[in-house]
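Participant: After the structure tokens below, expect a handful of questions from me.
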Amino acid sequence: MVVSASAIASKAGSDVLAAGGNAVDAAIATGLALAVTYPTAGNIGGGGFMVIRFPDGRTTALDFREKAPAAATPTMFLDEKGEYSSTIHHNSHIAVGVPGTVAGFALAHEKYGSAAWRDLVEPSVRLASDGFVIPTGLANSLSGALRKLGRYPASVAAYYKNDSTPYAEGDTLVLADLGRTLERIRDNGRDGFYTGETARLIAEEMKNGGGLITEADLAAYQAAEREAVVGTYRGYDIISMPPPSSGGVAMVEMLNILEGFDVAAGGHNGARHVHLMAESMRRAFRDRAQHIGDPDFVTVPVERLTSKEYAAELRATIDSTRATKSAVTDLVADWESDETTHYSVVDKDGMAVSVTYTLEAGYGMGAVVAGAGFLMNNEMGDFNGKPGLTDSTGLIGTAANVARPGKRMLSSMSPAIVAKDGKVIAVVGSPGGRTIINTVLQVIVNLIDFEMPIQAAVDAPRFHHQWLPDRLSIEADGVSPDVLAAIEGMGHTVRMGGRQGTAHSLAVDPTTGVRTGAPDKRDRDAGAAGH
Ligand code: GLY
């Protein structure tokens, strides 16, 4: 079973499973197919994380997060007057990190794959070179993205008609340059991306656009294998991504706090449920800002942050009837966009793979690498903008996540696997910047505390609090007017409306082994594919 934001890509992964490949093989094929059919976030020009649980219960985590190039500095996002510039930080060639996806997939294949590499890349070559029929969601998305992509001739040439108008649903999209890049990856593995023609084209794109990435930066990029964060919640094992993602640590910290409360009393999305979750989120996001960064550069106190003892200390500071106030001064001295995509895979043996990867913003920084046909990320925007600049709007300036050469930027991506009594129960994850962690948290709490089936757990309205700004965001119609009044009465500042990230998940019935795919309806082209 494969569940992703693109039914076409889910089918590419499921075909690999049907041909005898394992869940890692299917995850690689799905990820490469998403780079063709889901250009908002599917990518080879970005990076991400893969969490794996093997049938014997062992776990591991692969880190293919982008890295800062050698020329990066902590003050690289300031303008000539020394002021923080959001444009440089998020919307320029300087915002591009050294991509990690191809290295991550190559590492996953080398260590845990079973099929031939070529067979995993070929489906995406075919989709790009022969073309695919544009589904509803992509047609709408590309139409809306014309303003952003229209600034770059190579992006217009790739994704729009000759007269620069958008394609319609049902048209066939051929991505010839991307097809040739994928062929180089198919024939030469990671070298097909990090050296030779593709690397030369990336470096040229950077030079022409004022970016920093060189061929040497690309050649030096390495994906890393890390120990997964493993916590427990009411008897379930929660397996997720360690730093440089904050996702696994923050999620386990919140679940540990919540374990001491009867979260379900008062009902789903009732005032008590929303308040206790929001207070847990507030505390975990303060710790995220303070402590979490690339573990190759800063010491992250993972053990303490994920301990039951620390959670008990935090729980004792929560008043079940009143909201705490968040303030920049909560930070203790010396503790130092949101478009992404998640997909879930499980194979016949119970190997589970949870992948979240991203270009950061929708379509990344908007530029397709001329001649190479793929979109570049703007992931440098996930580094802190200016050392010391932490403010009530949510800008964070703590030391753990300032840019340094070769450092990975902090992430919120939280690919997760839930297991019980030695068996996989669910594979969960989400896009959505800092909302990711809280979306995954809520799907897990919906499954465990509210005993919802997986589709209901995914579909249920969500909410988000991230410490600063001190605001509780609730999806449109997420709570009743009475509950809204009760939450505001407790002292929460609430913003209601819009939608939170998707969560393409799956569940495995521990008794029958039946796999249930739960594509999130918030993504129109999403689909599950099994065999
Ligand atoms: N770019 C979103 C994240 O890594 O959290």
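The values are calculated or read from the model by the stated rules, or taken from the named source; none is laboratory data. Quick caveat: nothing in here was measured; it's all calculated off a predicted structure. We place every Cβ from the backbone using ideal geometry, glycine too, and count neighbours over all the protein chains shown. Heavy atoms of the whole protein, side chains included, go into the accessibility calculation; ligands, DNA and RNA do not. Shrake-Rupley method; radii C 1.70, N 1.55, O 1.52, S 1.80 Å.
Participant: In whole percent, and with a 1.4 Å probe on the protein chains, what portion of the accessible area of segment 146-238 is carbon and sulfur?
Facilitator: 47
Participant: Using only the alpha carbons of segment 41-129, what is the convex hull's orientation-averaged projected area in square nanometres?
Facilitator: About 8.6 nm², averaged over all directions.
Participant: Over 23 Å between Cα atoms, which of LYS348/LYS420; LYS111/LYS420; LYS111/LYS207 qualify?
Facilitator: LYS111/LYS420; LYS111/LYS207
Participant: Something else: Each residue of segment 25-36 in turn: what ³J(HN,Hα) in whole Hz from Karplus with 6.51, -1.76, 1.60 and θ = phi - 60°, glycine and Pro shown as x?
Facilitator: So the J values, rounded to whole Hz, are 4, 5, 5, 5, 4, 5, x, 6, 5, 4, 4, 9.
Participant: What is the magnitude of the charge dipole of segment 350-421 about its Cα centre, with +1 placed on the Cβ of each Lys and Arg, -1 on the Cβ of each Asp and Glu, and no other charges, expressed in debye to the nearest 20?
Facilitator: Using only the charged Cβ atoms, the result is roughly 200 debye.
Participant: Quick one: accessible surface of PHE450, probe radius 1.4 Å, all protein chains present, in square angstrom to the nearest 10.
Facilitator: That residue has around 40 Å² of solvent-accessible surface.
Participant: Among ALA128, THR101, ALA71, whose Cα projects farthest towards the positive end of the dipole of segment 65-162, with charges put on the beta-carbon of Lys, Arg (+1) and Asp, Glu (-1)?
Facilitator: Farthest towards the positive end: ALA128.
Participant: Identify, among VAL36, VAL51, ILE88, the residue whose Cα sits farthest towards the positive end of the charge dipole of segment 34-93, taking +1 on the Cβ of Lys and Arg and -1 on the Cβ of Asp and Glu, with the dipole about the Cα centre.
Facilitator: VAL51
Participant: Would you report the distance distribution of C-alpha pairs in segment 230-326 as whole percents per 5 angstrom bin, up to the bin with the largest distance?
Facilitator: Reading upward from the zero bin: 2, 14, 24, 24, 18, 11, 5, 1, 0.
Participant: If you add up the charges near PRO510, with Lys and Arg at +1 and Asp and Glu at -1, over every other residue whose beta carbon is less than 12 angstrom from its beta carbon, what do you get?
Facilitator: +1
Participant: Taking 25 °C and 0.890 mPa s as the conditions, I'd like the Stokes-Einstein D for segment 345-443 in µm²/s, using the Kirkwood hydrodynamic radius from alpha carbon pairs.
Facilitator: Translational D for this selection: 153 µm²/s.
Participant: A further question follows. Leaving ligands, DNA and RNA out of it, rank THR329, THR435 by accessible area with a 1.4 Å probe, largest first.
Facilitator: THR329, THR435
Participant: Given the whole protein assembly as supplied and a 1.4 Å probe, what does the accessible area of VAL2 come to in Å², nearest 10?
Facilitator: Accessible area, nearest 10 Å²: 0 Å².
Participant: Carbon and sulfur together cover what percent of the accessible area of segment 369-483 at a 1.4 Å probe radius?
Facilitator: Carbon-and-sulfur percentage of accessible area, whole number: 53.
Participant: Next up: Mind listing the Cα extents of segment 428-509 along all three principal axes, in Å, largest one first?
Facilitator: 41, 27, 19
Participant: Rounded if a/c is under 1.5, else prolate if a/b beats b/c, else oblate: with a ≥ b ≥ c from the C-alpha gyration tensor eigenvalues square-rooted, which is segment 463-521?
Facilitator: Because a/c hits 1.5 or more and a/b exceeds b/c, segment 463-521 counts as prolate.
Participant: Against the 2.2 N^0.38 Å scaling, with N counting residues, where does segment 383-531 land? I'd like the Cα-based Rg ratio to two decimal places.
Facilitator: That works out to 1.22 for segment 383-531.
Participant: Using only alpha-carbon positions, what ratio does the radius of gyration of the chain give when scaled by 2.2 N^0.38 Å?
Facilitator: 0.91
Participant: Can I ask one more? Taking Cα centroids, how far is segment 490-520 from segment 387-465 in Å?
Facilitator: Taking the Cα centre of segment 387-465 as reference, the centre of segment 490-520 is 12 Å away.
Participant: Measure out, as a whole number of angstrom, how far apart the alpha-carbon centroids of segment 274-290 and segment 75-129 sit.
Facilitator: 30
Participant: To the nearest 20 Debye, how big is the dipole of the chain about its Cα centre, given +1 on the beta carbon of each Lys and Arg and -1 on that of each Asp and Glu?
Facilitator: Approximately 280 debye in magnitude.
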